[in-house]
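*Asks:* Please see the structure below; I have some questions.
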Amino acid sequence: MHDIFSISKATVDEAEYLVAVQVKAFQIDVAICGEGPPGYDSVDRQVEIIKSHLYYKITDENTIIGGFYLSRLDSGKYELIRLFVDPAYQRMGIGTMVLNYIEETFNDLEILELQASDFRKDNHAFYEKRGFSKVGEVQYAKDSFSYKYQKCSIQQI
């Protein structure tokens, strides 16, 4: 069991490592849908996202084991665009650690939005357990959609 995971800002020099982890993390999506999320396997796209979004890496000592990025949509409103963890490190509390980090780091956070693929039932249960509510669906293709989730802070309720 790995006890020490940390979160810090990702740099463009780490884009290749972040892509490698995403390729592992989204193998299920590729197997089910034939593709992963946009840009997950492109170093150039990850560099663009690191420069334009709030992009963080998750490490176990010096090894990148995951990452996430979000965007500030409006005053107090953020969207967690992507969260990914190497399959070897899943179910170790990293998702909870990330959500706690976001809630503690962004002092103006009132609403956090995210999407979860329709076929990732384990992700739905995780987000719902963490206080997120389904607020809609986003259709991507004829047979592909995601559920839109939202969580409001205590101050907002």
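The values are calculated or read from the model by the stated rules, or taken from the named source; none is laboratory data. On a predicted model such as this, the values are computed, not experimentally measured, just so you know. When we count neighbours, we look across all protein chains shown, and the Cβ atoms used for this are built from the backbone with ideal geometry, even at glycine.
*Asks:* Tell me whether the range 64-83 contains one or more residues that are assigned to a helix (DSSP H, G or I) and either under 24 Å from Gln27 (Cβ atoms) or at pLDDT below 95 (or both). Please lay out each step first, then the result.
*Replies:* Looking only at the range 64-83, we keep the residues that are assigned to a helix (DSSP H, G or I), and these are none.
Checked the range 64-83: no residue is assigned to a helix (DSSP H, G or I) and either under 24 Å from Gln27 (Cβ atoms) or at pLDDT below 95 (or both).
*Asks:* Right, another one. Out of all the residues in the range 36-54, which are surrounded by fewer than 17 Cβ atoms within 10 Å (Cβ to Cβ) and aromatic (Phe, Trp, Tyr)?
*Replies:* Correct list: empty.
*Asks:* Looking at (1) assigned to a strand (DSSP E or B); (2) within 16 Å of Cys152 (Cβ to Cβ), find the lone condition where Tyr56 falls short.
*Replies:* (2)
*Asks:* Can you name the strands (runs of 3 or more DSSP E) wholly within the range 87-157 that have at least 3 residues being surrounded by 11 or more Cβ atoms within 10 Å (Cβ to Cβ), touching a residue at least 12 places away in the same chain (Cβ under 8 Å) and over 16 Å from the mean Cα position of the chain (by Cα)? Outline the logic, then answer.
*Replies:* Working: elements: 111-117, 133-141, 144-152.
Those strands (runs of 3 or more DSSP E) span 133-141, 144-152.
*Asks:* Next up: Among the residues of the range 12-51, which ones are without any contact (Cβ under 8 Å) to a residue 24 or more places away in the chain, on the phi < 0 side of the Ramachandran plot and assigned to a loop (DSSP other than H, G, I, E, B)?
*Replies:* Answer for the range 12-51, where residues must be without any contact (Cβ under 8 Å) to a residue 24 or more places away in the chain, on the phi < 0 side of the Ramachandran plot and assigned to a loop (DSSP other than H, G, I, E, B): Glu35, Gly36, Pro38, Asp41, Ser42.
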